[in-house]
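Okay, structure first, notes after.
The values are calculated or read from the model by the stated rules, or taken from the named source; none is laboratory data. None of the values given here were measured: they were computed from a predicted structure. So basically every Cβ, Gly included, is an ideal-geometry build from the backbone, and we count neighbours across all protein chains shown.
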Ligand SMILES: NC(=O)c1ccc[n+]([C@@H]2O[C@H](COP(=O)([O-])OP(=O)(O)OC[C@H]3O[C@@H](n4cnc5c(N)ncnc54)[C@H](O)[C@@H]3O)[C@@H](O)[C@H]2O)c1
């Protein structure tokens with residue numbers, strides 16, 4: 001059985017999840033040949049935990065790609081504003097990649113990545129891990145098979161709990177210039193899933209966003225440990241250390257960082273607190289989607305009504321209720337999944353990525369054009385929010401021409 005020579009650009013939380021799953025699934029058949037991170041300490045820790053003494057360590061991804069052009073695969077997961085350059089360079093060298101979502105932090109960078117991909121022979125697995133979960137695969141299948149009939153409305157939301165919310169205040173995720181804002185960073189997954197479930201394109205959008213709660217409060221902060229609110233604030237790492245159940249946010253405990261206790265009110269983030277959008281799709285399907293930071297737990301729910309019934313899904317409990325037309329008692333579908341993060345998707349996506357390295361005809365669940373669509377839709381929602389207008393989404397159509 002063959003060995004896979006892999007490179008990792010960025011040694012942060014996401015690539016650590018991938019490395020851990022790959023090691024568990026493929027053992028020594030995974031050769032971590034080269035890694036790169038501008039934070040030397042993060043790279044060294046990654047090397048010790050997942051690599052071997054000969055794993056090459058770089059601070060500059062250009063050197064990694066130049067020196068390791070024959071890698072079987074490259075996992076690219078730096079912050080969003082740093083996706084473009086390594087992705088384009090990997091595609092120019094025909095290297096197969098697992099490229100993290102969102103495609104990039106602005107439309108121009110997204111389009112340049114898509115152009116480079118179109119010119120390349122690289123196969124790409126986009127980091128849309130929720131596409132690989134039994135929960136969303138079941139919903140996509142049920143809708144595709146006509147269980148709810150013709151879809152008329154879809155409502156979905158994502159509410160981030162204290163831990164996931166805190167990374168939007170305490171890390172690079174707090175800056176629009178790095179993330180492309182809250183909707184893109186947190187919910188390009190959800191927009192992609194909505195596109196996949198409906199199988200048709202969005203045609204116009206309107207949106208409202210607010211940034212009015214996580215604002216400076218005099219006398220609080222600047223660090224939890226010296227704050228007057230440290231015993232009561234939902235974001236207090238002092239309180240978390242005493243009371244926090246690390247399973248509470250469905251396996252997001254890789255984001256619990258007790259050493260980073262910046263005040264979530266008195267930091268200098270500029271992403272939205274919350275945002276709601278109405279999106280009209282082809283065929284008259286009406287979609288509403290909301291995201292909010294600062295909920296009590298992490299939650300994703302979806303509610304789809306069609307001509308034959310209604311489907312209500314709760315990702316946190318892995319439960320789907322289906323109400324056939326004219327019945328009060330739902331069919332109760334309990335979804336089982338592998339014991340890995342993101343509702344089991346984390347281990348399925350790594351297997352799919354490895355399969356893509358062996359199979360030249362491999363088509364990923366979420367293609368690069370899907371990532372482009374979800375990103376362009378997020379940017380358009382943000383533009384509609386800022387302009388206070390209903391905007392058409394006609395440019396999505398050109399995306400179909402991009403190869404699978
Ligand atoms: N698919 C998912 O569900 C999912 C989940 C989490 C994160 N992500 C995505 O993964 C990416 C990384 O997120 P994360 O949570 O790992 O962030 P993180 O902050 O934990 O890690 C980012 C790492 O990138 C490193 N870095 C910064 N600049 C670099 C550069 N020029 N070259 C190499 N490394 C550099 C940092 O030092 C850090 O170690 C983001 O795009 C995020 O949206 C996806």
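How do the helices (runs of 4 or more DSSP H) wholly within region 144-208 filter down when requiring 2 or more residues that are more than 11 Å from the ligand (Cβ to nearest atom) and in contact with a strand residue (DSSP E or B) (Cβ under 9 Å, 6 or more places away or on another chain): which remain?
Numbers: elements: 162-170, 176-179, 182-198.
Counting at least 2 such residues, we get 162-170, 182-198.
Could you figure out which of (1) modelled with pLDDT of 95 or more; (2) in a loop (DSSP other than H, G, I, E, B) isn't true of residue 372?
(2)
Are any residues in region 69-85 more than 6 Å from the ligand (Cβ to nearest atom) and within 15 Å of the chain's Cα centre (by Cα), and if so, which ones?
Answer for region 69-85, where residues must be more than 6 Å from the ligand (Cβ to nearest atom) and within 15 Å of the chain's Cα centre (by Cα): 75, 76, 81, 83.
Report yes if some residue within region 40-54 is away from the ligand (no atom under 11 Å from the Cβ) and in contact with a helix residue (DSSP H, G or I) (Cβ under 6 Å, 6 or more places away or on another chain); otherwise report no.
Checked region 40-54: at least one residue is away from the ligand (no atom under 11 Å from the Cβ) and in contact with a helix residue (DSSP H, G or I) (Cβ under 6 Å, 6 or more places away or on another chain).
Given the options 335, 320, name the one that is under 16 Å from residue 145 (Cβ atoms) and not assigned by TED's automatic domain parsing to the domain that holds residue 17.
320
Somewhere in region 349-357, is a residue over 20 Å from the mean Cα position of the chain (by Cα), free of Cβ contacts under 8 Å to residues at least 40 places away in the same chain and farther than 23 Å from residue 279 by Cα?
Yes, because at least one residue in region 349-357 is over 20 Å from the mean Cα position of the chain (by Cα), free of Cβ contacts under 8 Å to residues at least 40 places away in the same chain and farther than 23 Å from residue 279 by Cα.
Please determine, by comparing only the residues of region 20-39 that are touching a residue at least 24 places away in the same chain (Cβ under 8 Å) and within 14 Å of the ligand (Cβ to nearest atom), which one is farthest from residue 3 (Cα to Cα).
Here the answer is 39.
Could you check region 2-18 and list, in sequence order, the residues that are within 11 Å of the ligand (Cβ to nearest atom) and either assigned to a helix (DSSP H, G or I) or touching a helix residue (DSSP H, G or I) at 6+ places or on another chain (Cβ under 6 Å) (or both)?
Of region 2-18, the ones within 11 Å of the ligand (Cβ to nearest atom) are 8-18.
Passing the criteria: 8, 9, 11, 13, 14, 15, 16, 17, 18.
Report yes if residue 350 is outside any loop (DSSP other than H, G, I, E, B) and either more than 17 Å from residue 117 (Cβ to Cβ) or in the same structural domain as residue 98 (by TED's automatic domain parsing) (or both), otherwise no.
Against the criterion (outside any loop (DSSP other than H, G, I, E, B) and either more than 17 Å from residue 117 (Cβ to Cβ) or in the same structural domain as residue 98 (by TED's automatic domain parsing) (or both)), residue 350 qualifies.
Considering only residues of region 259-286 that are out of contact with any helix residue (DSSP H, G or I) (no Cβ under 7 Å at 6 or more places or on another chain) and at pLDDT below 95, which is farthest from residue 395 (Cα to Cα)?
259
Can you tell me how many residues in region 363-396 are crowded, with 22+ Cβ neighbours inside 10 Å and more than 19 Å from the chain's Cα centre (by Cα)?
2
Which of the residues belonging to region 89-133 are more than 16 Å from the ligand (Cβ to nearest atom) and closer than 30 Å to residue 336 by Cβ?
If the condition is that a residue be more than 16 Å from the ligand (Cβ to nearest atom) and closer than 30 Å to residue 336 by Cβ, then 123 is the only one that fits.
In region 353-366, which residue that is assigned to a loop (DSSP other than H, G, I, E, B) and touching a strand residue (DSSP E or B) at 6+ places or on another chain (Cβ under 7 Å) is nearest to the ligand (Cβ to nearest atom)?
366
Criterion first (within 15 Å of the ligand (Cβ to nearest atom), modelled with pLDDT under 95, buried (at least 17 other Cβ atoms within 10 Å of the Cβ) and under 19 Å from the mean Cα position of the chain (by Cα)) does residue 256 satisfy it?
yes
Identify all residues within region 146-155 that are in contact with a helix residue (DSSP H, G or I) (Cβ under 9 Å, 6 or more places away or on another chain) and closer than 14 Å to residue 280 by Cα; write none if there are none.
Selection gives 151, 152, 154.
Taking the conditions exactly as written (more than 23 Å from residue 154 (Cβ to Cβ) and either modelled with pLDDT under 95 or surrounded by 14 or more Cβ atoms within 10 Å (Cβ to Cβ) (or both)), does residue 301 satisfy them or not? First the steps, then the outcome.
Numbers: more than 23 Å from residue 154 (Cβ to Cβ): no; either modelled with pLDDT under 95 or surrounded by 14 or more Cβ atoms within 10 Å (Cβ to Cβ) (or both): yes.
Taking the combined requirement at face value, the residue does not satisfy it.
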